There are 2 protein chains.
Amino acid sequence: MLRTHTCGELRREHIGKEATLCGWVDSYRDHGGGLFVDLRDRYGMTQVVFNPPDTSQPIIDESKQLRAEYVIQVTGKVAERPSGMANSRLATGDIELRVTGFKLLNKSLTPPVSPNAHAQDMPNEELRLEHRYLDLRRPAMQQTLMLRDRLIKGMRDHFANLNFIDVETPILGRSTPEGARDYLVPSRVSRGSFYALPQSPQLYKQILMMAGYDRYVQVARCFRDEDLRADRQPEFTQLDLEMSFIDSDDVMGVIDGLVQKLAKQELGLDVKLPLPRITYDEAMERFGHDAPDLRFGLELVDCTDLAAKSDFRVFSSVATSGGKVRAINAKKGGENYSRRGIDELTEFVKPFGAKGLAWFKVEADGTLQSTIAKNFKPELLKEIGTRLKAEPGDLLLFVADTWKVTCKALYALRQKIGAEMKLYDPKTMNFSWVVEFPMFDFDDEEKRWVAMHHPFTSPRDQDFGLLDTDPGACRAKAYDLVINGSEAGGGTIRIHDPGIQQKVFSLLGIDEKTAEERFGFLLRALKYGAPPHGGIALGIDRWVMLFGGLDNIRDCIAFPKTQRASDLMTGAPGDVETKQLKELGIKVEL
Amino acid sequence: MLRTHTCGELRREHIGKEATLCGWVDSYRDHGGGLFVDLRDRYGMTQVVFNPPDTSQPIIDESKQLRAEYVIQVTGKVAERPSGMANSRLATGDIELRVTGFKLLNKSLTPPVSPNAHAQDMPNEELRLEHRYLDLRRPAMQQTLMLRDRLIKGMRDHFANLNFIDVETPILGRSTPEGARDYLVPSRVSRGSFYALPQSPQLYKQILMMAGYDRYVQVARCFRDEDLRADRQPEFTQLDLEMSFIDSDDVMGVIDGLVQKLAKQELGLDVKLPLPRITYDEAMERFGHDAPDLRFGLELVDCTDLAAKSDFRVFSSVATSGGKVRAINAKKGGENYSRRGIDELTEFVKPFGAKGLAWFKVEADGTLQSTIAKNFKPELLKEIGTRLKAEPGDLLLFVADTWKVTCKALYALRQKIGAEMKLYDPKTMNFSWVVEFPMFDFDDEEKRWVAMHHPFTSPRDQDFGLLDTDPGACRAKAYDLVINGSEAGGGTIRIHDPGIQQKVFSLLGIDEKTAEERFGFLLRALKYGAPPHGGIALGIDRWVMLFGGLDNIRDCIAFPKTQRASDLMTGAPGDVETKQLKELGIKVEL
């Protein structure tokens, strides 16, 4: 080792001892006679002093060439900082190293992205990604990647203690087109054939259960060739697990334990178990979303029946033609939102499909005031006020539209108002389960049922009969973990009965030939003694974001891709040689 | 949970208690009145008894349908086995479960590959791979995958304790054609461009050191599109690590500790540290191989000077024209190998380039006897005998050829004779380091220097000058871990000085433009304060093979590919839809 200690290690108790440190010059201050350097490594920062008489003149002279990001090795005596010079913000702030030996290990050009811990201006993201080797030196990035390391290690340890076995599943797999696009890999040995990168290890982990592995876990890289949204990456990491001889409660139970452990470890929070569970139907009813942010109230209230009684055409026509009129009560929101503010809210909900926003302010005497109030009889206004628990100063906001639009628009509105009115402490964390999702969603365009999760999801035992009679009412053994309104994981109990699997396939319009082509091996495996099994996958990138309080997924990944799916540091994807393509038997044809 | 215990858990102390087990019917014996079932899961096997009076008649009747690999749930009382019926080979062999409750969880067709623990015949590998869900049920496969899990966990824990940080590097990277072929992934967003799957995280881990991560570790999936040898897979797993502010000894030191820990944990061996080290030159001189099997002697001895003095033309002409005459002494091998046996050895060495094998048997009186003996003066024979420490009964075997051919042929011969004469206990494990590899190898065909490891490898400090004067004599800071004659890992200290990197590139004929195209980002990163750093990668599949005493790499991997790089279970690689290729802007052209 070129050092005896790291830059985060020296303390009062080392005073008087000799130490050798290596690191990067974070900053330096030339005091004429000598030089003060803040020396940085992953572990911290230590003040290093080049000053006579400890430091010899030749070393002082040499030290004058030091610039930001030079890499040095220094030996010296650990000394107490002069009185009044201690730095309580640094773990090493009581001491400094008085240099007696020095070696310049490497120079640095002036960095286009400053890793300096106190740099004020965050350079633009493109520059950061291009020079990721410098950006990753920033203490904030290092903290995040260390958090990521601890979260993953915490997950691995948790499941190892519960007898899970870590099994690696292939990256070069078989394409089973459904849902997202696969990334393809042309085969050279079997020219004209292609491997696909896995969207998840779903089929392999089910195979592992059928092969008797009982409890499987893997930190798995997954791939989706989708048009990227801000929070999506072409490759992402999941904590993937599967268990045999269990039901939904058992899977949620092992995750509950994990949440409690990691929340304590990383955030110092005491999370009570079991985590709260709400059904999908309740989540949609109360919040309009299947992954609701439960850090605050501001719940949706259905007023369709009351709206039907009004003379306000927008309300009555929607209410009487199968639509919904739903509202939220922004408590004390009357002061927060002026008429102009309400106009802005109205514009805000339009991209979610709402044609407008109806509103009432609650006056000091309890009456509801609005430009549309004249269309409502006083008794009706009273009923509406009672339904929404209106109190003086409240602001009542209504969307009248299809059920889906009221969900989307009002959930988005709720989130906006919740943040603007500071209805929750951004540092609190809410962990909860949403359960009993519908098995199927009706695709209005294609006029057919599609799987809400995936075609291997099991219905609830009591709903087997509904497969034949009312698929839309059939609920699945499905559970999503929601943290602060983000889906942080999702899983299901799988079908282990070949007959039920057959029935679900046929409901989804997957005929025997297609089923055989896509997952024939899974269907065969089902016939040789498949145990009851199920599992879950947690989105690790998302967990890092939530636990780190970050708002950019790219800050949670060491070498992320841009929204154009390119790596600005390496230039991937890039050109390849014609010879390579020839060997693969493929040709570019734009 | 559908069970209270696993099938490997019940012991004497549970006698009298009630338990519920789930598992697979490994075997069953119908005794007319009732049924004995060996119930199997990943954890073990338990005898389950369907017999009156404990078991009700309806359950006994139902149990009669049970066949191999049916999945069942049974509840009953744990009882001592009748006297004389205990099975000491089973951990649960003292007890049995007398069934009172029963549920058939799933049926099974007759399995084409029997998971039965006592199945005598190993089905052919093709069938096993096709029905991997059944093959993976075999206890031998489960033991191997659990060994793999423990080895990887042991590695992760070891490095986490040493402050290494686990960082995930991208799978979708940039193609840098050199060495093996890359697997390519066409980009849809940037049509005509390609990602490449990483052959190793080499460049990323060096970037991480330049970014100050200090100690990095990852269990990394790597990919090589090579023509597959028996022990190669298109995707394989490496324990990949890199350290900063260190030299070769430090890297070898952390691996030494790992070897000691895992050898104790898995094999009960006490390995003394530091592991022995021999230089590349010594390894080639004494064994003819850079990853020698050190479990036994049978070393190569150079007899070129003596051969030059003989009248045996084959020897003298090789010896006087720059070739080598080298030999091994198979102690007491005279009895093992008849004339016909020696003829077989002669045929054996030919594929390694040797034109033949010269031999002497040592007679009881110490004289060397051979068909070629007449070409050697008695004093010369005596000198040869002395050089080879010949004793009565020994067999001396010579190859006269280029240095390279003598190495290859005699090393292969040594391995063959070592195994046939049982010169070592196959259960012993020898761990050692081979160090100080040459920096460069001269490619006779292309008439140029090629890198022995990779172009980022650092020369030894004392050899920097040789880069200019005698590259062939320049030795690298390189170290390979060798277990029983298999390369189980390899690493180097990297160049951190841009000037030396430039010099090495130019020696390798990599001009500035090519260097910029392939690893421009690494060269740029080198200019912003790269620390001294180096690392190593361990071949995990190989470790599992060696620690598990296995001889087939496919038995060490859950879902391996065949030598034709295909997955017989899923059918990967497979056909894809024309629409998929169109979106990617590529076309198959065979």
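Couple of notes before you dig in:
- All positions within region B:188-202 that are within 7 Å of another protein chain (Cβ to nearest Cβ), of a type in the set (Ser, Thr, Tyr) and open to solvent by 10 Å² or more (accessible area, probe 1.4 Å): B:190, B:193
- Within region B:152-176, the set of residues being free of Cβ contacts under 8 Å to residues at least 24 places away in the same chain and farther than 18 Å from residue B:265 by Cα comprises B:174, B:175.
- Residue B:74 being of a type in the set (Val, Ile, Thr), in contact with a His (Cβ under 9 Å, 6 or more places away or on another chain) and more than 30 Å from residue B:543 (Cα to Cα): no
- Being of a type in the set (Val, Ile, Thr), open to solvent by 80 Å² or more (accessible area, probe 1.4 Å) and within 17 Å of residue B:300 (Cβ to Cβ) is a property that does not hold for residue B:402.
- The conditions of being open to solvent by less than 10 Å² (accessible area, probe 1.4 Å), within 25 Å of residue B:152 (Cβ to Cβ), modelled with pLDDT of 95 or more and more than 10 Å from chain B (Cβ to nearest Cβ) are met by residue A:241.
- Looking across region B:94-124, just one residue is free of Cβ contacts under 8 Å to residues at least 24 places away in the same chain, open to solvent by less than 50 Å² (accessible area, probe 1.4 Å) and within 28 Å of residue B:81 (Cβ to Cβ), and that is B:119.
- The lone exception for residue A:119 - which of (1) out of contact with any strand residue (DSSP E or B) (no Cβ under 9 Å at 6 or more places or on another chain); (2) within 11 Å of chain B (Cβ to nearest Cβ) it fails: (2)
- Within region A:1-82, strands (runs of 3 or more DSSP E) holding 3 or more residues that are more than 28 Å from residue B:528 (Cβ to Cβ): A:71-80
- On inspection, residue B:254 passes the criterion of being assigned to a helix (DSSP H, G or I), closer than 30 Å to residue A:24 by Cα, touching a Leu at 6+ places or on another chain (Cβ under 9 Å) and within 13 Å of chain A (Cβ to nearest Cβ).
- Exactly one residue among B:422, B:361, B:416, B:374 is surrounded by fewer than 21 Cβ atoms within 10 Å (Cβ to Cβ) and in contact (Cβ under 8 Å) with a residue 24 or more places away in the chain, and that residue is B:416.
- Set A:295, A:277, A:286: member being in contact (Cβ under 8 Å) with a residue 60 or more places away in the chain, open to solvent by 50 Å² or more (accessible area, probe 1.4 Å) and under 20 Å from residue A:408 (Cα atoms): A:295
- All positions within region A:170-187 that are buried (at least 22 other Cβ atoms within 10 Å of the Cβ) and not aliphatic (A, V, I, L, M): A:170, A:173, A:174, A:175, A:182, A:183, A:186, A:187
- Unmet requirement for residue B:210, which otherwise passes all of (1) surrounded by 23 or more Cβ atoms within 10 Å (Cβ to Cβ); (2) of a type outside the set (D, E, K, R); (3) without any contact (Cβ under 8 Å) to a residue 40 or more places away in the chain; (4) facing chain A (nearest Cβ under 10 Å): (3)
- The numbered conditions (1) among the small types (Gly, Ala, Ser); (2) over 24 Å from residue B:441 (Cα atoms); (3) modelled with pLDDT of 95 or more are all true for residue B:489 except (2).
- Residue A:172 vs. criteria facing chain B (nearest Cβ under 10 Å) and either closer than 30 Å to residue B:559 by Cα or modelled with pLDDT of 95 or more (or both): yes
- Matching entry among A:527, A:561 (being open to solvent by 30 Å² or more (accessible area, probe 1.4 Å) and at the interface with another protein chain (Cβ under 8 Å from one of its Cβ atoms)): A:527
- Top-ranked residue in region B:564-590 [being facing chain A (nearest Cβ under 7 Å) and of a type in the set (Ser, Thr, Tyr); ranked as most open to solvent (accessible area, probe 1.4 Å)]: B:566
- Among residues of region B:453-477 that are aromatic (Phe, Trp, Tyr), those with a beta-carbon under 6 Å from a residue that is part of a loop (DSSP other than H, G, I, E, B) at least six positions away or on a different chain give the pairs B:456/B:495.
- Residues (of a type in the set (A, V, I, L, M) and within 21 Å of residue A:145 (Cα to Cα)) located in region A:219-268: A:219, A:220, A:230, A:239, A:258, A:259, A:262, A:263, A:267
- Residue within region A:184-205 that is in the same structural domain as residue A:520 (by TED's automatic domain parsing), of a type in the set (A, V, I, L, M, F, W, C) and closer than 20 Å to residue B:148 by Cβ present: no
- Which numbered condition residue B:553 misses (of (1) more than 9 Å from chain A (Cβ to nearest Cβ); (2) out of contact with any helix residue (DSSP H, G or I) (no Cβ under 7 Å at 6 or more places or on another chain)): (2)
- Selection within region B:252-276 - among the basic types (Lys, Arg) and within 20 Å of the chain's Cα centre (by Cα): B:261, B:264
- Extreme residue, nearest to the other protein chains (Cβ to nearest Cβ), among residues of region A:219-228 that are open to solvent by 10 Å² or more (accessible area, probe 1.4 Å) and touching a residue at least 40 places away in the same chain (Cβ under 8 Å): A:221
- Top-ranked residue in region A:60-93 [being of a type in the set (A, V, I, L, M) and open to solvent by less than 10 Å² (accessible area, probe 1.4 Å); ranked as farthest from residue A:139 (Cα to Cα)]: A:60
- 1 or more residues closer than 19 Å to residue A:199 by Cβ, in contact with a His (Cβ under 6 Å, 6 or more places away or on another chain) and open to solvent by 10 Å² or more (accessible area, probe 1.4 Å): qualifying strands (runs of 3 or more DSSP E) within region A:437-521: none
The values are calculated or read from the model by the stated rules, or taken from the named source; none is laboratory data. These numbers were taken from a predicted model, which means no experiment stands behind them. All Cβ positions, even for glycine, are placed from backbone atoms using ideal geometry, and neighbour counts span all protein chains on display. With ligands, DNA and RNA removed, areas are computed over all heavy atoms of the protein, side chains included. Shrake-Rupley method; radii C 1.70, N 1.55, O 1.52, S 1.80 Å.
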